[in-house]
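> The structure is given below, and queries will be raised subsequently.
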Amino acid sequence: MKDTKICVIGLGYIGLPTASLLGTKGYKVHGVDVSEHVVKTINEGKIHIVEPDLDIMVKSAVNVGNLKAGLEPVEADIFIIAVPTPFKDDYQPDLSYVESATQLISPFIKPGNLVILESTSPVGTTDEVVARILKQNGHDTDKDVFVAHCPERVLPGRILIELVENDRIVGGINPLATEKAVEFYKAFVRGEVLSTDSRTAEMAKLTENSSRDVSIAFANELSLICDQEGINVWELISLANRHPRVNILNPGPGVGGHCIAVDPWFIVARSPKYAKLIKTARLVNDSKPQWVIDKVKSKAEKFKNPVIGCLGLAFKADVDDLRESPAVNIVRRLINDNVGEILISEPNLELHKEFNLLPCEEVIRRSDIILLLVDHREFKGLKTIELNEKILIDTRGIIQ
Ligand code: SAJ
């Protein structure tokens, strides 16, 4: 292991934890990123994203000389691609980062190398994009360059734990590639390493996130029905979940982050004729922020100069990540539509370039309407009784 060299392309939420973990396990890791700032920060032993314990891991990998970052790849035994796979305006997958990462590493690849795509990808990407580009560049991916997919499955906030503890699904474009990739993951993963082919591995990851999206859509749909019927949806769900075979997730202001709100579209894009439920779930979850906005507007109408206190901006509890956050979308719309004076509190951020952030207590004290958007631990102790006469719209069901 000491002599195994690994080149990780993309030093974001997945690439950096993976690179630093491998560095602390004794591999010689070279990380590549397009951002000079990211490269400089990591080489100083620091981090550019918020994730528990990642700072310690990066510092120790850099200090022992096992993690270096650069703008260009180097020759290695194993290449790991961990770049973003967003979608375009028409919900079609944007694979341009995977394509450019593959082109970037191609001149550095030698016979015997293993190339692993970890980015969440539409079915066929490992074979039809990564292996195809390598083949076009003269590499023999049938015989001596091994190409596989191993989707990342870690939960932001628990990345370093889940990188080691979670089971991994590994699928090569041929059985030999699967075998080589399985052998690599078995060296540092404590969970089980399960082998399949690359297309099934790609679909497994999309299925996991779509399954969660569909379940959340069910909860969100229930929340609208219950609101109309005057029923507390959280009480309802906790009662229904007492059935031994029922497990309903929680409604919220919408689904955020860059995974669950994105990945189901990769299935819909390839199978529009059949992916009806998956698409509907996406639409149900994407329509929830508008429902919240309408609710606030109808309450605000009762005030001459309404002050609306928004609690939370992040896409989920106890993180500082605002990507695809329904809370941000809702706050921005309330401001643009001049619904009233908007006060905002986000305890996980000190500053925001667009919004003025205030302490939670001040927001509550000054507001007529309290809009709870994120179930951060700082908000969990709030009690209806302390909110006096104020109107409460609790999209997460945490205020008692
Ligand atoms: N949410 C609800 N109700 C719930 C659960 C979640 O409204 O009951 C919302 C959250 O508030 C958030 C969104 O859904 O806005 C997504 O949050 P999450 O915690 O469910 O998932 P992510 O996006 O942080 O991470 C997911 C994970 N996938 C699954 O749990 C199947 C993670 O394991 C994946 O690695 C990650 O996507 C990814 O990178 O794909």
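> Name the single residue, out of those in region 316-330 being modelled with pLDDT of 95 or more and not hydroxyl-bearing (Ser, Thr, Tyr), that is farthest from Gly12 (Cα to Cα). Don't jump to the end; show me each part of the working.
Taking region 316-330 and keeping what is modelled with pLDDT of 95 or more, we get 325-330.
Those left that are additionally not hydroxyl-bearing (Ser, Thr, Tyr): 326-330.
On the way: Pro326: 22, Ala327: 23, Val328: 22, Asn329: 23, Ile330: 26 Å.
That would be Ile330.
> Then there's this: Can you work out which of the residues in region 374-400 that are in contact with a Ser or Thr (Cβ under 8 Å, 6 or more places away or on another chain) and over 18 Å from Pro347 (Cα atoms) is modelled with the lowest pLDDT?
Gln400
> What pairs can you find where one residue is in region 218-243 and more than 14 Å from Asn285 (Cα to Cα) and touching a residue at least 60 places away in the same chain (Cβ under 8 Å), the other is among the hydroxyl-bearing types (Ser, Thr, Tyr) and assigned to a helix (DSSP H, G or I), and their Cβ atoms are less than 8 Å apart, with a gap of 6+ or different chains?
Sorted first by the residue in region 218-243, then by its partner, the pairs are Val233/Ser223.
> Tell me, please, whether a residue that is among the charged types (D, E, K, R) and either in a helix (DSSP H, G or I) or closer than 30 Å to Tyr27 by Cα (or both) can be found in region 209-218. Lay out the reasoning, then the answer.
Here is the first cut: in region 209-218, the ones among the charged types (D, E, K, R) are 212-213.
Remaining after also requiring either in a helix (DSSP H, G or I) or closer than 30 Å to Tyr27 by Cα (or both): 212-213.
Yes: region 209-218 contains one or more residues that are among the charged types (D, E, K, R) and either in a helix (DSSP H, G or I) or closer than 30 Å to Tyr27 by Cα (or both).
> Quick one: which strands (runs of 3 or more DSSP E) lie wholly within region 290-400 and hold at least 1 residues that are open to solvent by 10 Å² or more (accessible area, probe 1.4 Å)? Please lay out each step first, then the result.
Numbers: elements: 307-311, 341-345, 369-372, 391-394.
The strands (runs of 3 or more DSSP E) meeting that bar are 307-311, 341-345, 391-394.
> Please specify each residue of region 130-149 satisfying the condition of being open to solvent by 10 Å² or more (accessible area, probe 1.4 Å) and under 20 Å from Val83 (Cα atoms).
Here is the first cut: in region 130-149, the residues open to solvent by 10 Å² or more (accessible area, probe 1.4 Å) are 132, 135-140, 142-144, 146.
Listed by number, the residues that qualify are Arg132, Phe146.
> So which of Lys40, Lys59 is free of Cβ contacts under 8 Å to residues at least 40 places away in the same chain and in contact with a Gly (Cβ under 6 Å, 6 or more places away or on another chain)?
Lys59
> Something else about it: State whether the residues of region 171-187 include one that is open to solvent by 10 Å² or more (accessible area, probe 1.4 Å) and within 12 Å of the ligand (Cβ to nearest atom).
Within region 171-187 (the criterion being open to solvent by 10 Å² or more (accessible area, probe 1.4 Å) and within 12 Å of the ligand (Cβ to nearest atom)), the answer is no, since none of the residues qualifies.
> Taking region 235-260 as the search range and keeping residues that are assigned to a helix (DSSP H, G or I) and away from the ligand (no atom under 11 Å from the Cβ), which one is least open to solvent (accessible area, probe 1.4 Å)?
If we filter region 235-260 for residues that are assigned to a helix (DSSP H, G or I), which is where we start, we get 235-240.
Next, from what is left, pick out any that are away from the ligand (no atom under 11 Å from the Cβ): 235-236, 238-240.
On the way: Glu235: 107, Leu236: 60, Ser238: 64, Leu239: 110, Ala240: 37 Å².
Across region 235-260, the extreme among qualifying residues is Ala240.
> Let me ask something else. Could you list, in sequence order, the residues of region 219-234 that are within 14 Å of the ligand (Cβ to nearest atom) and touching a helix residue (DSSP H, G or I) at 6+ places or on another chain (Cβ under 8 Å)?
Taking region 219-234 and keeping what is within 14 Å of the ligand (Cβ to nearest atom), we get 219-224, 233-234.
Residues satisfying the conditions are Ala219, Asn220, Glu221, Leu222, Ser223, Leu224, Val233.
> Another question, then. In region 269-284, which residue that is more than 16 Å from the ligand (Cβ to nearest atom) and assigned to a helix (DSSP H, G or I) is farthest from Val328 (Cα to Cα)?
The initial filter retains those residues of region 269-284 that are more than 16 Å from the ligand (Cβ to nearest atom), namely 269-277, 279-280.
Going one step further and asking which of them are assigned to a helix (DSSP H, G or I), we end up with 269-270, 276-277, 279-280.
Working: Ala269: 27, Arg270: 30, Lys276: 28, Leu277: 27, Lys279: 23, Thr280: 23 Å.
In this case the residue turns out to be Arg270.
> Can you tell me which residue within region 86-112, out of those that are surrounded by fewer than 22 Cβ atoms within 10 Å (Cβ to Cβ) and of a type in the set (S, T, N, Q), is farthest from Cys7 (Cα to Cα)?
Gln92
> With respect to Val164, is the statement that it is in a helix (DSSP H, G or I) and within 15 Å of the ligand (Cβ to nearest atom) true? Steps first, please.
Numbers: in a helix (DSSP H, G or I): yes; within 15 Å of the ligand (Cβ to nearest atom): yes.
Considered against the rule, which asks whether it is in a helix (DSSP H, G or I) and within 15 Å of the ligand (Cβ to nearest atom), Val164 comes out as yes.
The values are calculated or read from the model by the stated rules, or taken from the named source; none is laboratory data. Keep in mind that this is a model prediction, so the values were computed, not measured. Backbone-built Cβ (ideal geometry, glycine too); neighbour counts: all protein chains shown. Quick note on the areas: whole protein, heavy atoms, side chains included, nothing else; ligands and nucleic acids left out. Shrake-Rupley method; radii C 1.70, N 1.55, O 1.52, S 1.80 Å.
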